[in-house]
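Peer 1: The following block contains the structure, expressed as structure tokens.
The values are calculated or read from the model by the stated rules, or taken from the named source; none is laboratory data. No experiment lies behind these values; they were computed from the predicted model shown. Using ideal geometry, Cβ is built from the backbone for each residue, glycine included, and neighbour counts are taken over all protein chains shown.
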């Protein structure tokens, strides 16, 4: 059941749709900060899980090839994340749209469709659950 913007504004309890705009530079800066904090946080968590205690110490180094691999895995993870969103949109009967906002944003959406709250929660959580279930067994 696809609803266009004109129909959505006439449904009881819904306001007229608003076009969302984002400052891409600010989004990219915050995504880089969150990426770095995520690396630190997950390394601390990994250290705590494997050693049984939290030391707060890091050791090792990363070279250019290692950094390239890290960025490549990050990009692939973003794409897989969006594909999982798309898979769940499709499984729940929505028409899926994918897109890229370069240099670093990807998105999945069900354009001009009303999404049930329970479906939205399932679609939102699916990448987190599936990616973690697949990746956790491979952590060293």
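Peer 1: Looking at region 76-118, which of the residues that are out of contact with any strand residue (DSSP E or B) (no Cβ under 8 Å at 6 or more places or on another chain) and within 20 Å of residue 17 (Cα to Cα) is surrounded by the fewest Cβ atoms within 10 Å (Cβ to Cβ)?
Peer 2: 117
Peer 1: Still on this model: When you scan region 16-37, how many residues do you find that are in contact with a helix residue (DSSP H, G or I) (Cβ under 9 Å, 6 or more places away or on another chain) and either assigned to a loop (DSSP other than H, G, I, E, B) or loosely packed, with under 10 Cβ neighbours inside 10 Å (or both)?
Peer 2: 2
Peer 1: When you go through (1) in contact with a helix residue (DSSP H, G or I) (Cβ under 6 Å, 6 or more places away or on another chain); (2) not in a strand (DSSP E or B) one by one for residue 106, which number turns out not to apply?
Peer 2: (2)
Peer 1: Further question: List pairs: first residue in region 107-133 and in contact (Cβ under 8 Å) with a residue 12 or more places away in the chain and at positive phi, second residue part of a loop (DSSP other than H, G, I, E, B) and surrounded by 14 or more Cβ atoms within 10 Å (Cβ to Cβ) anywhere in the structure, Cβ distance under 8 angstrom, at least six positions apart or on different chains.
Peer 2: The qualifying pairs are 112/3.
Peer 1: If you scan region 95-112, which residues turn out to be closer than 13 Å to residue 82 by Cα and modelled with pLDDT of 85 or more?
Peer 2: 96, 97, 98, 99, 100, 106, 107, 108, 109, 110
Peer 1: So residue 84 fits all but one of (1) touching a residue at least 40 places away in the same chain (Cβ under 8 Å); (2) closer than 26 Å to residue 42 by Cβ; (3) not in a helix (DSSP H, G or I); what number is the exception?
Peer 2: Condition not satisfied by residue 84: (3).
Peer 1: I would also like to ask the following. Would you be able to say whether some residue in region 47-66 is surrounded by 12 or more Cβ atoms within 10 Å (Cβ to Cβ), at pLDDT below 90, farther than 24 Å from residue 26 by Cα and touching a strand residue (DSSP E or B) at 6+ places or on another chain (Cβ under 8 Å)? If you could, list the steps in order and put the result at the bottom.
Peer 2: Taking region 47-66 and keeping what is surrounded by 12 or more Cβ atoms within 10 Å (Cβ to Cβ), we get 47-48.
The next check asks that each one be at pLDDT below 90; those that pass are 47-48.
With farther than 24 Å from residue 26 by Cα added as a condition, the list becomes 47-48.
Remaining after also requiring touching a strand residue (DSSP E or B) at 6+ places or on another chain (Cβ under 8 Å): none.
No: zero hits.
Peer 1: Quick check on region 87-103: of everything there that is in a loop (DSSP other than H, G, I, E, B) and in contact with a helix residue (DSSP H, G or I) (Cβ under 6 Å, 6 or more places away or on another chain), which residue is nearest to residue 123 (Cα to Cα)?
Peer 2: The initial filter retains those residues of region 87-103 that are in a loop (DSSP other than H, G, I, E, B), namely 92-96, 102-103.
Next, from what is left, pick out any that are in contact with a helix residue (DSSP H, G or I) (Cβ under 6 Å, 6 or more places away or on another chain): 92, 96.
Details: 92: 9, 96: 12 Å.
So the residue we want is 92.
Peer 1: Another question, then. Cβ-Cβ distance below 6 Å, separation of 6 or more or different chains: which pairs start in region 45-73 with a residue that is more than 30 Å from residue 103 (Cβ to Cβ) and end on one that is modelled with pLDDT of 70 or more and in a helix (DSSP H, G or I)?
Peer 2: If the second residue must be modelled with pLDDT of 70 or more and in a helix (DSSP H, G or I), the pairs left are 54/48.
Peer 1: Select from region 125-139 the residues that are farther than 16 Å from residue 74 by Cβ and in contact with a helix residue (DSSP H, G or I) (Cβ under 8 Å, 6 or more places away or on another chain) and list them in ascending order.
Peer 2: 126, 130, 139
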